[in-house]
Structure formats: structure tokens, C-alpha cells
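One structure is given below, encoded as C-alpha cells.
The values are calculated or read from the model by the stated rules, or taken from the named source; none is laboratory data. As the structure is a prediction and not an experimental result, all values here were calculated from the model. Here Cβ is always computed from backbone atoms with ideal geometry, including for glycine, and neighbour counts include all displayed protein chains. When the accessible area is computed, the model is the full protein with side chains, heavy atoms only, and any ligands, DNA or RNA have been set aside. Shrake-Rupley method; radii C 1.70, N 1.55, O 1.52, S 1.80 Å.
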Amino acid sequence: MSTSEVSPETPLDKGQRAEAAIPTNVRVYLGLSGKTQKALGEALGITKSAMSMKMCGKVGWSVSDLVTTADFLGVTPSALMAVSYTHLTLPTT
């Protein structure tokens with residue numbers, strides 16, 4: 001393959017990009033909803049330190065945490081994994 005050719009993205013690449021997008025998307029939706037990282041950590045039942053590590057990408061998000069976070073923010077889990085912001089909508093209250 002020459003350097004000008006782009007290899008197709010694999011499902012693993014897509015999964016890694018989606019996983020990496022979660023902290024950013026959570027931060028965006030927290031801001032839009034007016035809710036705090038502290039309140040989200042309480043909803044998840046984790047310490048402030050554990051929440052901080054999730055938000056920095058040092059600790060991954062379990063499916064359970066993703067679903068709980070989506071419910072807390074009034075969005076879908078897929079919105080939290082999105083790598084594009086064309087879907088961005090305000091959470092319903």
C-alpha cells in the first residue's frame with residue numbers, strides 16, 4: 001500500500017474511537033444539562049477519585065456505567081459514544 005492510500009477503518013478502530021469519545025461527550029452533556037461530575041459520580045456510586053479517572057480516560061466505562069450515565073443525562077448510550085456532534089441534542093428534563 002502506498003502512503004497516499006488510506007486503509008479502511010476496522011470495527012476495532014471504531015470501537016476504540018467510540019470509547020475514547022465517552023469522557024468528552026459526558027463532559028458536553030453535563031454542561032448542557034447543568035449537572036455536575038460530582039452528582040454523576042454519586043449516581044454511579046463511585047468515589048470522586050474514580051469519577052475523575054473515568055473522565056480523564058484512565059479508567060474505562062462499563063456498559064452498566066454507560067447506561068446509568070445516559071439515563072442520568074437524559075440521552076442514549078449511543079450519544080455518549082458518538083464521535084460526531086451532528087447528533088447533539090439537549091437532554092430532556
Name every residue in the stretch 78-89 that is buried (at least 16 other Cβ atoms within 10 Å of the Cβ) and touching a helix residue (DSSP H, G or I) at 6+ places or on another chain (Cβ under 6 Å), in order of residue number.
LEU80, MET81
Quick count over the stretch 43-58, residues being within 15 Å of the chain's Cα centre (by Cα) and open to solvent by 80 Å² or more (accessible area, probe 1.4 Å), is 2
Consider only pairs whose beta carbons are under 9 Å apart and that are at least six residues apart or on different chains; among these, list those whose first residue lies in the stretch 64-80 and is free of Cβ contacts under 8 Å to residues at least 24 places away in the same chain and part of a helix (DSSP H, G or I) and whose second residue is open to solvent by less than 60 Å² (accessible area, probe 1.4 Å) and of a type in the set (Ser, Thr, Tyr).
ALA70/TYR29; PRO77/THR69
